[in-house]
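Bear in mind these aren't lab numbers, they're just calculated from the coordinates by the rules spelled out. Remember, predicted model here, so these are calculated numbers, not experimental data. Cβ placement follows ideal geometry from the backbone for every residue including glycine, while neighbour counts extend to all protein chains displayed.
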Amino acid sequence: MHVCFFSMAKGWGGGELLLSYLLESIAELGVESSLITRHGSPMASWAKQRPGLRHFEVLGHFLSRPACRQVRSWVRRHKPDVFVLNDPHAITQGGIAAWGLCIPRIGIRHTIFRVNALKHRWLTEHLVCVSEAARDACLAVGLPRAKTSVIHCGLPSPQVHAEQVAGIHEMFTVAAAAVNDSAPARHLLGVGSLISVKGFDTTIRAVAKGVEKGKNWHLWLAGEGEKRAELEKLAVDLKIPDRVHFLGFRNDIVTLMSAVDVFVSSSRSEGLPLVLVEAMQVGCVIASTPVGGCCEALRVNKNTQSPFAEIFTPDSTEDACAAIERATDQNPLTEGRRATARHWAVETFSQQNMAKKHLALYEAICSGHVAGA
């Protein structure tokens, strides 16, 4: 089998990271794969570092006739068995470019918002959703269940080195020493693009509320995005600029997770956040909102309770503050809860299992035997 993947993303996010893991695992299983990317994108740079990967860069502008012709010509020449479209732009351009070539077009839905029913119905033969929440968003706009499958994200086992964690602890110590506070310092971590949907403003407000209550909390935010200046101003307005630390883009997320006291996810909407799965695999204490795929990852029940995390309502400063307080309250149950979460995440969100499920689906589609998963 030859699987061709298509990524038109300009940047590097969870969908691109997931695609890189999928490509690596498929190669390990001995399956032929190739990748089409947007010219000059981070995904293209990643591909160039994999000498064994057949790679093609689209040179034209998105949806231009030359770009569509390039993609169509490449696909016709190499004749993949399936064409996997990893993001909304890839579904649009790849779906049009491969129209009529008798090659199954498989889209991947990483998020639960902005589902274009017409596009997904006509430009793909099947959709892989990273969570039941992502599938529900597709069903809500009228897509047939039989056209969708759920395959959870898969991540490699985290590799954490003690000396690197020690370096992060030293950074924490310096930051805590700069604040005149005799209470024990507790360090919180948020990870993701600095955009509205991630709810980092709620986290910052919760930290300010905690400081008002006498808590010596420090928030570390790893990521970049359009809301950075606004979030920095919010920290200043709330008089906690020395307690909110903007780290920018980091490639040592699991090390940060291993060093902090609590991982906080204040998202307003999620398909299935990879960083939450990573936090579970590392064994973080977690405080999170129960949105989208977070509920599946954290096994949130009908009473909005999780065996793995403290749950709080999106956009609620009071609720977030209380959840962080509970999470920072170390007790005899904490270690057992972390171990259970770690075991669940490693077993459920395995990189190898993800690849095997994808390949099984591709083979079923090619043989004409596909039912709603």
**Request:** Would you compute the Debye intensity of the chain from its alpha-carbon atoms alone, equal scatterers and no solvent, and pass along log10 I(q)/I(0) at q = 0.08, 0.09, 0.11 Å⁻¹ to two decimals?
**Result:** -0.43, -0.54, -0.79
**Asked** When only Cα pairs under 8 Å and 6 or more residues apart are kept, what is the percent relative contact order across the chain?
**Response** 15
**Request:** Provide the gained length on full extension for the span Lys356 to Thr334, in nm with one decimal, where the gain is 0.36 nm per separating residue minus the Cα-Cα distance.
**Result:** 4.6 nm
**Prompt:** Taking the stretch 86-165, which chymotrypsin sites (Phe, Trp or Tyr not before Pro) meet the DSSP loop condition and have no more than 10 other C-beta atoms within 10 Å?
**Reply:** none
**Prompt:** Where in the stretch 29-129 are there trypsin sites (Lys or Arg not before Pro) that are in a DSSP coil and have at most 10 other Cβ atoms within 10 angstrom of their Cβ?
**Reply:** Arg114
**Prompt:** For the stretch 186-228, which trypsin sites (Lys or Arg not before Pro) are in a loop by DSSP, counting at most 14 other Cβ atoms within 10 Å?
**Reply:** Lys213
**Request:** Give me the distance in nm between label points sitting 7 Å out from Cα along the Cα-to-Cβ direction at Gln164 and Val236, one decimal.
**Result:** 3.4
**Asked** For labels at Glu347 and Ser316 in the simple 7 Å Cα→Cβ model, what's the distance in nm?
**Response** 3.1
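When the helix-only estimate is applied to the chain (DSSP H runs of n ≥ 4, each -39,500 (n - 2.57), divided by the residue count), what is the mean residue ellipticity at 222 nm, nearest 500 deg cm²/dmol? List each step's numbers first, then the result.
On the way: 15 runs with 168 residues, N = 373.
Calculated mean residue ellipticity at 222 nm is -13500 deg cm²/dmol.
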**Request:** Rounded to whole Hz and in sequence order, give me ³J(HN,Hα) for the stretch 152-162 from the Karplus expression 6.51 cos²θ - 1.76 cosθ + 1.60, θ = phi - 60°, writing x for Gly and Pro.
**Result:** 5, 4, x, 10, x, 4, x, 10, 10, 10, 4
**Request:** Quick one: dipole size for the chain, taken about the Cα centre, charges +1 on Lys/Arg Cβ and -1 on Asp/Glu Cβ, in debye to the nearest 20.
**Result:** 1520
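Could you tell me which of rounded, prolate or oblate describes the stretch 35-165, using a ≥ b ≥ c as the square roots of the eigenvalues of the alpha-carbon gyration tensor, with rounded for a/c under 1.5 and, failing that, prolate when a/b is larger than b/c and oblate otherwise?
Taking the square roots of the gyration eigenvalues as a ≥ b ≥ c, the stretch 35-165 is oblate.
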**Request:** Give the relative contact order (percent, whole number) for the stretch 162-348; include only Cα pairs under 8 Å separated by 6+ residues.
**Result:** 22
**Item:** For the stretch 286-293, 3J(HN,Hα) per residue [Karplus equation, 6.51 cos²θ - 1.76 cosθ + 1.60, θ = phi - 60°, Hz, x = Gly/Pro]
**Value:** 10, 10, 8, 7, x, 10, x, x
